[in-house]
Amino acid sequence: MGREMDTRKTGSEGEERVTLERAVRVLLDHCSIIAETERCSVLDCTGRILADDVYAKRDQPPFDRSPVDGYACRSCDITDASSENPVYLEVVEEIDAGSWPTRAVGSGQAARIMTGAPIPAGADCCIYQEKTDYGETCVAVFQGCPRHGNYCFRGEDIQAGTAVLKRGTRLTYVEAGILAGLGLCEVTVYRKIRAAVLASGDELTEPGQPLQPGKIYDSNLYFLAVRLRELGIEVPVCRRVPDSEAEMAEALGDACQKADLVITTGGVSVGKRDIMHQALAMAGARRLFWKILMKPGMPTIGSVLNGTPVISLSGNPFGALADFELLCRPAFESMTGDSFYAPRMRKAILSRGFLKSSPSRRFLRGRFENGEVWIPEVKKHASGILSSMAGCNCLVDISAGTERIEAGESVTICDLSLDR
């Protein structure tokens, strides 16, 4: 309790023991919308958010074109064509994709044409080459074709002046193809979110270094930074900080100048080496909340420093992971207006029972597939265990006071997958 008493003497305020929903609401009140824009190559646009409406400057396709390999001709010339009674047409030229017709097609004539090639004047349909004898100078046609059969019109896909993509659209490979088809090689997008990650703990060792007695390898810094990058978020600061309140306070001040959100992990409880309370106060942060009524990740601190939200997560790996998904992702949605970041809550059927009681609200790791969710064995649910999260893609939300959940019951899950 000594640490808790010291913290209160610094003048730190904020709510204590809040619900998850309350913590999210309070945090979002201090998230700023990202308005800065930049130009981005279409080749690198995946995951970026359009900052302007995109209008077509020209029709797409820009000319009438053939969707088949065959012959462009007049439909009235081949109305009665059949295998028993072929119609013979003079082939006046060959038109390949990328070339342009030099002659109009008249009565009794055809032009050999390839897929994507412009349809010449005078022709109003294209007959499949399989319905002909493949003639080079004179072709026998064995089947009729209606007017505008196998005929792609100019502007059939997109007409000039059309608003093709709206501001706020999240770009994927499909939109990249559309943009390229409009002749664009760059597009205006909002800049990426920037999130800093600071890990506290003298016990932490850099992976790849010899592990001394009493030390552990730092996993939290790595999985948080990688998850941020999976979400398309820039990580301008990613570092460990010694268990020094002054050094952490300095690191927080620096990170807040470079990021839209600062995430710390470790040092949030009330032990002698839990430095985050005092470090935040020394840096001048204003506490928003401390302790969330959930397990794992209960001792999380929310604060704001120089206008930048700071989320201080548990040092326990699964506690940090759960709170990151449930707190940070709503913040990212608020900053961008992009629902891609929002945690997706949905119903699922429990494939096997979870028979342990949950006095407080609890989030369990799980595997969601085909409407069912599977929960790993009970002994692997400690907040300090990360390995049992491998293969899992959701968090199972267990209400406070739940005694047990039987197989076949409906539960709420938070889907962690990035598919939309």
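With a 1.4 Å probe and all protein chains left in place, how much accessible area per residue does the chain have, in Å²?
Using a 1.4 Å probe on heavy atoms only, each residue of the chain averages 47 Å².
Give me the percent of DSSP beta bridges within the stretch 1-155 that run antiparallel, rounded to the nearest 5.
75 percent
Out of Met294, Ala246, Phe318, whose Cα points farthest toward the positive end of the dipole of the stretch 242-349 (charges: +1 Lys, Arg; -1 Asp, Glu; placed on Cβ)?
Met294
Calculate the tail of P(r) for the stretch 368-410: the fraction of all Cα-Cα distances greater than 16 Å, expressed in %.
On the way: 402 of 903 pairs.
Result for the distance tail: 45 percent.
What does the charge count near Ala97 come to, summing +1 for each Lys or Arg and -1 for each Asp or Glu among other residues with Cβ under 13 Å from its Cβ?
Local charge sum for Ala97: -1.
Between the stretch 306-369 and the stretch 80-114, what is the C-alpha centre distance in whole Å?
64 Å
Which FRET efficiency value, to the nearest 0.05, do you get for Ala140 and Thr102 by plugging their Cβ-Cβ distance into 1/(1 + (r/R0)^6) with R0 = 30 Å?
0.80
Indicate, rounded to the nearest 5 percent, the antiparallel portion of the DSSP beta bridges found entirely in the chain.
The antiparallel proportion sits near 65 percent.
Would you indicate which of (i) 1.30; (ii) 1.44; (iii) 1.02 is the value of Cα Rg over 2.2 N^0.38 Å derived from the coordinates of this structure?
So the structure-derived entry is (ii).
Got a sec? Charge dipole of the stretch 65-153, +1 on Cβ for Lys and Arg, -1 for Asp and Glu; which of Cys152, Pro101, Thr115 is way out at the positive end?
Checked the options; the winner is Cys152.
Considering all projection directions equally, how large on average is the shadow of the alpha-carbon convex hull of the stretch 154-248, in square nanometres?
On the way: hull surface 37.3 nm².
That works out to 9.3 nm².
Given the stretch 250-362, what percent of its DSSP beta bridges are antiparallel, to the nearest 5? The partial results should precede the final answer.
Details: 9 of 14 bridges.
Of those bridges, close to 65 percent are antiparallel.
Per the Kirkwood treatment, what hydrodynamic radius in Å, one decimal, follows for the stretch 41-174 from the mean inverse distance over all distinct Cα pairs?
16.4 Å
Give me the net charge for the shell around Gln129: Cβ to Cβ below 15 angstrom, other residues only, Lys and Arg +1, Asp and Glu -1.
-4
Of the options Val164, Ser41, Val237, report the single residue whose Cα projects farthest towards the positive end of the charge dipole of the chain (beta-carbon charges: Lys, Arg +1; Asp, Glu -1).
Result: Val237, furthest along the dipole toward the positive end.
Set the bar at 29 Å for Cα to Cα. Now go through Lys215/Lys295; Lys215/Lys347; Lys166/Lys295; Lys258/Lys295; Lys192/Lys347; Lys258/Lys291 and name every pair that lies beyond it.
The pairs that break the limit, which is 29 Å between Cα atoms, are Lys215/Lys347; Lys166/Lys295; Lys258/Lys295; Lys192/Lys347.
Report the charge-dipole magnitude of the chain in Debye, nearest 20, computed about the Cα centre from +1 at each Lys and Arg Cβ and -1 at each Asp and Glu Cβ.
Details: 49 positive and 56 negative charges, 414 e Å.
Using Cβ point charges on Lys, Arg, Asp and Glu, the chain gives about 1980 debye.
Given only helices, namely DSSP H runs of n ≥ 4 each adding -39500 (n - 2.57), what is the per-residue ellipticity at 222 nm of the chain, to the nearest 500 deg cm²/dmol? Don't jump to the answer; show the numbers that get you there.
Details: 8 runs with 74 residues, N = 420.
Helices in the chain give a 222 nm mean residue ellipticity of -5000 deg cm²/dmol.
Under a 5 Å amide H to amide H cut-off, with H placed in plane at 1.01 Å, what residues pair with Cys125 once short-range neighbours are removed?
Under 5 Å from the amide H of Cys125: Cys73, Ser75, His148.
Going out from 0 in 10 Å bins, what whole percent of all Cα-Cα distances in the stretch 246-338 drops into each bin?
17, 51, 29, 2, 0
Using bins 10 angstrom wide from zero, how does P(r) for the stretch 310-370 break down, in % of all Cα pairs?
Spelled out per bin, shortest first, that is 17, 40, 35, 8, 0.
Taking the Cβ of Leu252 as the center, what net charge do the other residues with Cβ under 12 Å away carry, scoring Lys and Arg +1 and Asp and Glu -1?
Working: positive: Arg239, Lys258; negative: Glu245, Glu247, Glu250, Asp254.
Charge balance in the 12 Å sphere: -2.
The values are calculated or read from the model by the stated rules, or taken from the named source; none is laboratory data. Since this is a predicted model, take the numbers as computed values, not measurements. Here the Cβ is made from the backbone with ideal geometry for all residues, glycine too, and neighbour counts use every protein chain on show. Note: accessible area is taken over every heavy atom of the protein model, side chains too, but ligands, DNA and RNA are not part of it. Shrake-Rupley method; radii C 1.70, N 1.55, O 1.52, S 1.80 Å.
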